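Novice: Structure incoming, see below.
The values are calculated or read from the model by the stated rules, or taken from the named source; none is laboratory data. Predicted, not measured: the structure shown is a model, and the values here were computed from it. Virtual Cβ from ideal backbone geometry, glycine too; neighbours counted across all protein chains shown. Protein only, heavy atoms only, side chains kept; ligands, DNA and RNA dropped before computing areas. Shrake-Rupley method; radii C 1.70, N 1.55, O 1.52, S 1.80 Å.
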Amino acid sequence: QVQLVESGGGLVQPGGSLRLSCAASGFIFRRYVMNWYRQAPGKERELVALISGAGSANYADSVKGRFTISRDNAKNTVYLQMNSLKPEDTAVYYCNVMTGVDDYWGQGTQVTVSS
């Protein structure tokens, strides 16, 4: 079955960096677009970044120039490098894949940006 396991969240000061990882299994990883979403308290879940199987990436305007999504198809893992973090980046971050059969989510990892 499809599994997505996020890691790398934590508490960081404004201006700091974190790298999130999402280990995927149960599907042919290289064939699918992988997405990172986030959900802040009291807000709707929003798409942060996505990357195609070939490595083409797109970003939400709010994170352009600060976040970088990447993937390692040999390791079935997608990453989100987050730099210049702001308090408004505080959220639970989720890895997501839509395989055409279903829509799968990881358990989420908390990112808190605070001094």
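Novice: Could you tell me which numbered condition Ser70 fails, if it satisfies all but one of (1) open to solvent by 30 Å² or more (accessible area, probe 1.4 Å); (2) in contact with a strand residue (DSSP E or B) (Cβ under 7 Å, 6 or more places away or on another chain); (3) closer than 15 Å to Thr112 by Cα?
Specialist: Here Ser70 clears every test but (3).
Novice: Taking only segment 74-84 into account, find how many residues are surrounded by 15 or more Cβ atoms within 10 Å (Cβ to Cβ) and either assigned to a loop (DSSP other than H, G, I, E, B) or among the hydroxyl-bearing types (Ser, Thr, Tyr) (or both).
Specialist: Residues meeting the conditions: 3.
Novice: Could you list all residues from segment 15-40 that are in contact (Cβ under 8 Å) with a residue 12 or more places away in the chain, in a loop (DSSP other than H, G, I, E, B) and open to solvent by 40 Å² or more (accessible area, probe 1.4 Å)? Break it down into steps so the answer makes sense when it comes.
Specialist: Initial filter on segment 15-40 (in contact (Cβ under 8 Å) with a residue 12 or more places away in the chain): 15-27, 29-40.
Remaining after also requiring in a loop (DSSP other than H, G, I, E, B): 15-17, 26-27, 32-33, 40.
Matches in segment 15-40: Gly15, Ser17, Gly26, Tyr32, Val33.
Novice: Restricting to segment 1-14, what's the tally of residues that are open to solvent by less than 30 Å² (accessible area, probe 1.4 Å) and not β-branched (Val, Ile, Thr)?
Specialist: 3
Novice: Quick one: what pairs do we get from segment 42-61, first residue under 18 Å from Gln107 (Cα atoms) and open to solvent by 50 Å² or more (accessible area, probe 1.4 Å), second of a type outside the set (Asp, Glu) and not in a strand (DSSP E or B), C-beta under 9 Å, 6+ apart or different chains?
Specialist: Hits for this filter: Glu46/Ala40; Glu46/Ala60; Glu46/Ser62; Leu47/Ala60.
Novice: Residues of segment 85-106 being surrounded by 12 or more Cβ atoms within 10 Å (Cβ to Cβ) and either of a type outside the set (Phe, Trp, Tyr) or free of Cβ contacts under 8 Å to residues at least 24 places away in the same chain (or both), which ones? Give the steps one after another, and end with the answer.
Specialist: Going residue by residue through segment 85-106, those that are surrounded by 12 or more Cβ atoms within 10 Å (Cβ to Cβ) are 85-86, 89-99, 104-106.
Listed by number, the residues that qualify are Leu85, Lys86, Asp89, Thr90, Ala91, Val92, Cys95, Asn96, Val97, Met98, Thr99, Gly106.
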